[in-house]
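Scroll down for the structure; my scribbles are underneath it.
None of the figures in this text is laboratory data; all of them are computed from the coordinates on show. Source: prediction; values computed, not measured. Positions of Cβ are backbone-derived with ideal geometry, glycine not excepted, and every protein chain shown enters the neighbour counts.
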Amino acid sequence: MAIPIKYNFRNLVVRRTTTLMTALSITLTVTVFVVLMALAQGLQISLSATGQPLNVIIMREGSQSEATSSVTRDSLQVIRYLEGIAKTDKGEPWVSPELIVLINLPRRGQTQGSNVTIRGLGPDGPSLRPEFKMVAGRFFRSGLREVIVSKRISERFQDCGLGDKLKFAKGYWTVVGLFDAGGTAYDSEIWTDSNDLSADFDREAYSSVMVRAIDAGAVTRLSDQISNDRRLHLKPVSEREYYENQTRFAAPIKALGLFIAALMAVGASFAAMNTMYAAVARRTKEIGTLRVVGFSRGSILLSFILESLLIAVLGGLLGCVLALPVNGITTGTTNFATFSEVAFNFRVTPRLLMDGMIFAAFMGLIGGFFPAWRAAHENIVTALRSA
Amino acid sequence: MAETVVQIQGLSKIFQRDSFSVAALEDIDLTLESGEFLCLMGPSGSGKTTLLNIIAGIDRPTKGQLRVLGEDVAQMSEDRLATWRNVHVGFVFQTFNLIPVLTAYENVELPLLLTKLSSGARQEHVLAALKLVGLEDRIHHYPRQLSGGQEQRVAIARAIVTDPTLLMADEPTGDLDAHSAEEVLDILTRLNRDFKKTIIMVTHDPRAARHATVTRQLEKGQLLPLGA
């Protein structure tokens, strides 16, 4: 049997100040780690959660995003009658020609602005996005320069509240409603009628066309028809794939988070190591006694590693608790695919908390191993003679 | 016929201090029979504790033969020695060496955690050991809540809880007042007389030596002839 854990636990309580200070260094590291990963995860989830499996976005060949794409009105007519497109309740092809423009809006409480995506939709645009729902006001009406704004954008940017007037293009646009897109990328947009938008921006062409395929097989058939039609010079991409591709912009945040956390972890591991070396030095005679009584080197090693892990677990738990309040907080960053603001929530998931605890345990293990090794290999006679 | 517990022939221990060699023990011959109470006396630095440590398997001789309870202790691996000590040897230190964060009960229970005894059986052994040293009413006390004499009695309980054959006591009364010292020596005498424990005690105290059945003197690492 190993040395009882109460031996370690009570020793930690006896030197509670040192224990707490060491745990706090691990707490800080875990908090930073969890918060930064929650940021990256929020962005990733927001983008990867976007897209219906049967929706296809058609863009210009060579375009990386809708913002740099262009689809002519003639092409729209060809697309509408392709084989494999689902029909709406009215028997019309389920198609939404869409126009993307970026406008610079000041953030609330700041003079600094950021690009926000305005999406002009066709009449069937909202029905292609079942996650969309109005949360305040009403849907926009065509020809009246009306917009609806996502709740997240409304909270983060000036003049985006219900009833506010937004100035862009040739005049003022009234915010007549707020919507929620279920945590998808559309939660970072302002929507209006595509014809109103193209008229105000003097745009002849659309940015993209979204269509609903009849079934999974039809997605492939549609893709083949578009790719093979030399007149169109368009490329189809499934809506899900389109947004999945953009999740790569979460990678730098994740890398930065890992880098900062790793730097802090070095410091925290040294703090744990220092504490454990001090613990070993103070308890050298006890270690000698335990060896005389019959505990093996392995038991001593395990006991001191366990003690370090206890500190780390305490620090990790505190770190996770401290990081929890950021869960759900809305923030934003620039999506470098569209060069516009993407608003998303910090996501502190159970998996992330588990990662935080593993990270803490790792620091405890690194910090505890060498002092524990020293304790286990202490010469018994020398240990018994120590003060 | 008494069984030979310790058999030592030509044992030496040399410590290396920088470029100097210091002989702590030189050519020691010693035999100890079962049930004997041996008192090792001698001035500081004479090698008493070193000899005790070597017999107890916590230090190794530089040369010579050493058999304790029929086993060649000097050749055992560290882990095997640890198990061997747990089963066969109880150790009482001058400074008690109790674990300060454990209660008297938990300190005494420590060696039993290495056995296969159930929790209930362990409790039985611990309470019996504490009763034998007269501390059954102090089981939940921490070392800091006990007097020096009581701490040493807990340490004796810890040393005997596994019912070892050999009990080693290194200056067991060195840190105690006269009254507590006498109590501790009485317990050791009782363990030797009533429970047939073989005891080796290192001491400076001639009063303590009177409790032993055999007294041997060490001087400058050499064991003087019996009766010297």
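Longest span of chain B, sites excluded, free of trypsin sites (Lys or Arg not before Pro) in DSSP loop with at most 14 other C-beta atoms within 10 Å?
Values: sites that count: B:116, B:196, B:210, B:220.
Answer from the scan: B:1-115.
So, with +1 on the Cβ of K and R and -1 on the Cβ of D and E, and no other charges, what is the size of the charge dipole of the stretch A:62-232 about its Cα centre, to the nearest 20 debye? Provide the component values of the computation, followed by the final result.
Values: 23 positive and 23 negative charges, 72 e Å.
About 340 debye.
Post the alpha-carbon centroid distance, the stretch A:9-30 to the stretch B:49-121, in whole angstrom.
Using only Cα atoms to place each centre, the spacing works out to 33 Å.
Just the Cα atoms of the protein assembly as shown: what Rg and Dmax do they give in Å?
For the protein assembly as shown, the Cα radius of gyration and maximum Cα-Cα distance read 40.3, 123 Å.
Starting at the first residue of the stretch B:207-218, write each ³J(HN,Hα) from the Karplus equation 6.51 cos²θ - 1.76 cosθ + 1.60 with θ = phi - 60°, in whole Hz, x for Gly and Pro.
5, 5, 5, 5, 7, 7, 8, 9, 10, 10, 9, 10
Near the amide H of residue B:59, under 5 Å away, which other amide H atoms are found, from residues 5 or more places off or on another chain, if H is placed in the peptide plane?
For residue B:59, the qualifying residues are B:54.
In chain A, which helices (entire DSSP H runs) extend 20 Å or more along their own long axis, judged by Cα positions, while averaging at least 1.6 on the Kyte-Doolittle scale? Show your work: numbers first, answer last.
Numbers: long enough: A:16-48 (45 Å, 1.37); A:251-282 (45 Å, 1.34); A:297-323 (38 Å, 1.96); A:350-376 (36 Å, 1.04).
Helices meeting the criterion: A:297-323.
Would you mind ranking B:213, B:49 so that the residue whose beta carbon has the fewest other beta carbons within 10 Å leads the list? Each step should come with its number before you reach the end.
Working: B:213 14, B:49 22.
With the sparsest Cβ surroundings first, the list reads B:213, B:49.
Restricted to Cα positions, what overall size does the stretch A:62-232 have along the principal axes? Three whole-Å values, descending.
Largest to smallest, the principal-axis extents are 50, 29, 27 Å.
Less than 25 Å apart at the alpha-carbon level, and either on another chain or at least 8 residues along: which lysines does that give for residue B:220?
Answer for residue B:220, where 25 Å is the Cα cut-off: B:13, B:48, B:63, listed by chain and number.
Taking every DSSP beta bridge with both residues inside the protein assembly as shown, roughly what % is antiparallel (nearest 5)?
Details: 60 of 87 bridges.
Taking every DSSP beta bridge with both residues in the protein assembly as shown, the antiparallel ones total about 70 percent.
Report the relative contact order of the stretch A:62-232, percent, no decimals, based on alpha-carbon pairs under 8 angstrom and at least 6 residues apart.
31
Pick out, in residue order, every one of the trypsin sites (Lys or Arg not before Pro) in the stretch A:22-106 that is DSSP loop and has at most 15 other C-beta atoms within 10 Å; say none if there are none.
Numbers: sites: A:60, A:73, A:80, A:87, A:90; in loops: A:90.
Answer by residue number: A:90.
Looking only at A:257, A:316, A:163, which one moves most when chain A is put into a Gaussian network model with springs between Cα atoms under 10 Å?
A:163
Highest GNM mean-square fluctuation, chain B, Cα pairs closer than 10 Å: which of B:70, B:42, B:90?
B:70
Out of B:180, B:75, A:55, whose Cα points farthest toward the positive end of the dipole of the protein assembly as shown (charges: +1 Lys, Arg; -1 Asp, Glu; placed on Cβ)?
The Cα lying farthest towards the positive end belongs to A:55.
Give the Kirkwood hydrodynamic radius (Å, one decimal) of the stretch A:273-387, defined as one over the mean of 1/r across all pairs of different Cα atoms. Before the final figure, lay out each step's value.
Values: mean 1/r = 0.0597 Å⁻¹.
Kirkwood radius, the stretch A:273-387: 16.8 Å.
Using Cβ counts within 10 Å as a stand-in for footprinting exposure, how do A:308, A:25 rank, fewest first? Mind dumping the intermediate values first?
Working: A:308 29, A:25 23.
Ascending Cβ contact count within 10 Å gives the list A:25, A:308.
With unit charges on the beta carbons (Lys and Arg positive, Asp and Glu negative) and the dipole taken about the Cα centre of the protein assembly as shown, which residue among B:51, A:26, B:102 sits farthest to the positive side?
Checked the options; the winner is A:26.
Go through the stretch B:16-31 residue by residue and turn each phi into a ³J(HN,Hα) via Karplus (6.51, -1.76, 1.60, θ = phi - 60°); whole Hz please, and just put x for glycine and proline.
9, 10, 6, 9, 9, 10, 10, 8, 7, 9, 10, 6, 7, 10, 7, 10
Please get the size of the charge dipole for chain A, origin at its Cα centre, with Cβ charges of +1 on Lys and Arg and -1 on Asp and Glu, quoted in debye to the nearest 20. If you can, show how the numbers build up before the last one.
Working: 41 positive and 32 negative charges, 395 e Å.
The dipole magnitude comes to about 1900 debye.
Separation between the residue A:282 and residue B:77 pseudo-spin-labels, each 7 Å from Cα along Cα→Cβ, expressed in nm?
A separation of 3.5 nm, rounded to one decimal place.
Top mean-square fluctuation among A:315, A:161, A:109, Gaussian network model of chain A, C-alpha springs under 10 Å?
Of A:315, A:161, A:109, the most mobile in the Gaussian network model is A:109.
Below 8 Å, C-alpha to C-alpha, sequence gap of six or more: please give me the relative contact order for chain A in percent.
Values: 774 pairs, mean separation 112.1, N = 387.
Computed over chain A, the figure is 29 percent.
Can you spot the lysines whose alpha carbon is less than 28 Å from residue A:6's alpha carbon? Ignore those fewer than 8 places along the same chain.
A:285, B:116, B:131
Considering the zone a paramagnetic label at residue B:33 would reach in this model (a point 7 Å from Cα along the Cα-to-Cβ line), which residues of the stretch B:179-199 have amide N under 16 Å from it?
Counting backbone N atoms under 16 Å from the label point, the list is B:193, B:196-199.
Take every residue in peptide A:290-303, count the Cβ atoms of other chains within 10 Å of its Cβ, and give the average of those counts. Don't skip to the end; give the middle numbers.
Values: counts 5, 5, 15, 18, 16, 8, 8, 3, 2, 4, 1, 0, 0, 0.
For this peptide, the per-residue mean of nearby foreign Cβ atoms is 6.
Please give the calculated 222 nm ellipticity per residue for chain B, where each DSSP H segment of at least 4 residues contributes -39500 (n - 2.57) and the sum is spread over every residue; nearest 500 deg cm²/dmol?
-9500 deg cm²/dmol
Explain nothing, just compute: Karplus ³J(HN,Hα) = 6.51 cos²θ - 1.76 cosθ + 1.60, θ = phi - 60°, for every residue of the stretch B:60-67 in order, whole Hz, x for Gly and Pro.
10, x, 7, 8, x, 10, 9, 10
What lysines sit close enough to residue A:87 to cross-link, taking a C-alpha to C-alpha distance under 26 Å and skipping anything fewer than 8 places away on the same chain?
A:133, A:235
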